[in-house]
């Protein structure tokens with residue numbers, strides 16, 4: 001565990017907190033069972049700055065200085081954490097979400113087993129919605145794990161940042177982090193369609209272009225799982241359609257009606273039998289009545305569909321709450337249930353990796369480093385990398401230049417060697 005962050009993370013973990021908030025000059029705040037508590041003495045600004053600097057690499061620190069915020073995920077003290085580093089009026093602060101200490105699945109999250117049916121579809125769109133902090137990403141991870149444990153599929157997950165590192169079992173899983181492995185959700189979706197996926201996971205649909213590409217993927221033979229913020233299933237669908245220009249909304253509503261498998265909207269409620277927060281769901285499945293209401297953008301009619309669609313797999317919040325109250329077998333994790341949290345490697349940018357290979361004499365031929373690609377001008381790493389072992393034709397390799405293609409530079413070096 002990072003030494004500077006450990007002094008606050010350990011007591012938060014011991015209290016069973018879901019979130020830890022650190023702000024210069026204020027006591028640390030932990031959220032336990034949905035309630036925020038202030039604990040201890042005010043936190044020094046210098047200590048928080050040191051903790052943030054330990055968490056971020058040199059490149060990430062430069063990116064933070066430019067944007068004044070940075071999202072990342074780390075495994076600290078055996079617990080997977082999602083961390084937001086942010087500059088505020090008081091200095092550098094941290095917001096830490098403590099994720100589950102076990103591999104998420106439907107049983108361990110106390111979710112209804114019927115959710116497994118949603119990921120048995122071969123194509124279509126499954127939306128997971130809810131307010132910030134309602135556990136959408138954890139439910140999404142459980143749905144991915146359901147596929148991973150039972151089917152052989154190629155899953156490509158696009159996240160910002162990667163919250164749960166999922167160990168492949170039966171499925172081939174590729175996880176890409178926006179900002180590190182790809183510049184944007186849009187580019188990652190375009191790439192994914194050329195990578196033979198069976199299942200696409202979109203960490204969050206934030207803008208119309210991402211929504212458009214997500215719908216297109218769901219229509220072209222892929223199962224797509226995606227999240228967005230909303231308080232109800234109807235609000236989630238309306239938000240997608242209303243994100244587009246008025247003249248395009250009827251076409252988007254028709255696309256959405258055709259592609260939809262289900263919408264899951266969730267919120268967390270404290271359940272006494274389990275002594276923990278448990279997801280409470282509203283589930284709208286794509287029945288004929290639901291598709292008709294979506295195509296006509298008649299969002300108010302979806303409540304009637306929810307109330308009358310029990311036999312089709314629909315659940316209102318009220319009916320789901322009744323199921324929770326009847327349930328007696330809540331999963332409560334113990335120390336025996338703790339699992340090693342998989343940690344994805346943190347690869348170097350391909351430009352640095354290729355330059356390091358040339359510098360260290362690890363390759364003799366330019367064809368061994370053809371993975372080098374153009375990097376956005378804003379990418380925060382050195383523009384000049386010493387390459388003394390590229391024979392005597394060049395002593396410096398330009399990397400990530402705005403005007404020159406790095407691959408072209410490497411090929412020019414190879415031409416000179418001849």
Original post:
For region 139-264, which semi-axes, largest first and in whole Å, follow from the square roots of 5 times the eigenvalues of its Cα gyration tensor?
Top reply: 24, 15, 14
Subject >> Square roots of 5 times each gyration tensor eigenvalue, C-alpha, region 213-292, largest first, Å >> reply: 28, 14, 12
Original post:
Can you give the Rg to Rh ratio of region 129-196, both from alpha-carbon atoms, with Rh computed by the Kirkwood formula?
Top reply: 0.97
Subject >> Order of 61, 299 under a 10 Å beta carbon neighbour criterion, fewest first >> reply: 61, 299
Subject >> Anisotropy class of region 113-337 from Cα gyration tensor, a/c 1.5 cut >> reply: oblate
Original post:
Taking the radius of gyration and the Kirkwood hydrodynamic radius from Cα positions alone, what is the Rg/Rh ratio for region 8-98, to two decimal places?
Top reply: 0.95
Subject >> At R0 = 60 Å, FRET efficiency that the Cβ-Cβ distance of residue 38 and residue 169 yields, to 0.05 >> reply: 0.90
Subject >> region 293-307 and region 109-146: distance between their alpha carbon centers, rounded to Å >> reply: 22 Å
Original post:
What shape does region 172-239 take by its C-alpha gyration tensor, where a ≥ b ≥ c are the square roots of the eigenvalues and a/c under 1.5 counts as rounded, a/b above b/c as prolate, and the rest as oblate?
Top reply: prolate
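Read-outs throughout are calculated quantities, based only on the coordinates presented, and are distinct from any laboratory measurement. Values in this document were obtained by computation on a predicted structure and should not be read as measured data. FYI the Cβ positions are ideal-geometry reconstructions off the backbone, even for glycines, and counts take in every protein chain you see.
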